[in-house]
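Down below is the structure, laid out as structure tokens.
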Amino acid sequence: RKEVEQDPGPFNVPEGATVAFNCTYSNSASQSFFWYRQDCRKEPKLLMSVYSSGNEDGRFTAQLNRASQYISLLIRDSKLSDSATYLCVVIAMEYGNKLVFGAGTILRVKS
Amino acid sequence: GAVVSQHPSRVICKSGTSVKIECRSLDFQATTMFWYRQFPKQSLMLMATSNEGSKATYEQGVEKDKFLINHASLTLSTLTVTSAHPEDSSFYICSARDVLAPLPTYNEQFFGPGTRLTVL
């Protein structure tokens, strides 16, 4: 089983739609959680850190469910510019504070 | 967020040559930097953890004699791909975290723009 699993997609949605991605992690000792965004042929950029039960930043809401070991990302009112690959990332002390990446979920927002 | 730069952004070289890639933290100190490699349509793979003033820690399957890492200061780490071959062609990305950042942002990592290496 992969340490961090994501649905690869692609998710094809129209502008203005609400879309949600889920991510599951296998290590119950994981302690830090992030969503990164990666555009084609570019580096990942930190989108949101996920703290305690979750947090919101504008159109983006991240949720953490430790009991079920999953993290979600909700994007409301999708924009064309939201098209990218969304990477779920987890840190656990036993990994030496290294980032463990999911394979990413592709989002395509169409007009 | 913190800024990380990488140089060069793109390299094309002949097989057998060595290529050095620099990673700098511009506005913060980074005792630890990370080097990743990403092949097309795949996720980032951690190659090694670069520690300022000490030896790098390599991931399983990564040859330390082929991928030389030097982290001589709190703001600079270098990755040298020695005797590069076409199979080394990839997107190399570094990341760093601000060791002085407060919790809970302490664990946030910031990536450089990457170096695209093409070995002919």
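The values are calculated or read from the model by the stated rules, or taken from the named source; none is laboratory data. Every value quoted in this text rests on a predicted model; they were computed, and no experiment measured them. Reconstructed Cβ throughout: ideal geometry from the backbone, glycine too, with neighbour counts over all protein chains shown.
Any residue at all in the stretch A:95-108 that is in contact with a strand residue (DSSP E or B) (Cβ under 9 Å, 6 or more places away or on another chain), assigned to a helix (DSSP H, G or I) and on the phi < 0 side of the Ramachandran plot? Yes, because at least one residue in the stretch A:95-108 is in contact with a strand residue (DSSP E or B) (Cβ under 9 Å, 6 or more places away or on another chain), assigned to a helix (DSSP H, G or I) and on the phi < 0 side of the Ramachandran plot. Filter the stretch B:80-120 down to the residues that are over 13 Å from B:L46 (Cα atoms) and of a type in the set (A, V, I, L, M) and list them by number. Once the filter is applied, which keeps residues that are over 13 Å from B:L46 (Cα atoms) and of a type in the set (A, V, I, L, M), the stretch B:80-120 yields B:V81, B:A84, B:V99, B:L100, B:A101, B:L103, B:L117, B:V119, B:L120. For the stretch A:9-25, filtered to residues that are surrounded by fewer than 14 Cβ atoms within 10 Å (Cβ to Cβ) and either out of contact with any helix residue (DSSP H, G or I) (no Cβ under 9 Å at 6 or more places or on another chain) or free of Cβ contacts under 8 Å to residues at least 60 places away in the same chain (or both), the residue that is nearest to B:K41 (Cα to Cα) is A:P10. Restricting attention to the stretch A:36-75, the residues that are modelled with pLDDT under 95, closer than 28 Å to B:K41 by Cβ, of a type in the set (K, R) and not in a strand (DSSP E or B) total 2. Does any residue of the stretch B:106-114 turn out to be free of Cβ contacts under 8 Å to residues at least 60 places away in the same chain, within 14 Å of chain A (Cβ to nearest Cβ) and surrounded by fewer than 16 Cβ atoms within 10 Å (Cβ to Cβ)? Among the residues of the stretch B:106-114, at least one is free of Cβ contacts under 8 Å to residues at least 60 places away in the same chain, within 14 Å of chain A (Cβ to nearest Cβ) and surrounded by fewer than 16 Cβ atoms within 10 Å (Cβ to Cβ), which makes the answer yes.
Looking only at residues of the stretch B:17-31 that are over 11 Å from the mean Cα position of the chain (by Cα) and part of a strand (DSSP E or B), we find that the one that is farthest from B:S89 (Cα to Cα) is B:S25. Taken residue by residue, the stretch B:40-62 has no member that is part of a strand (DSSP E or B) and more than 14 Å from chain A (Cβ to nearest Cβ).
Condition check ((1) surrounded by fewer than 16 Cβ atoms within 10 Å (Cβ to Cβ); (2) without any contact (Cβ under 8 Å) to a residue 24 or more places away in the chain) across all residues:
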position: B:S18; (1), (2): yes, no
position: B:S25; (1), (2): no, no
position: B:Q29; (1), (2): yes, no
position: B:N51; (1), (2): yes, yes
position: B:G61; (1), (2): yes, yes
position: B:K64; (1), (2): yes, yes
position: B:I69; (1), (2): no, no
position: B:S77; (1), (2): no, no
position: B:T82; (1), (2): yes, no
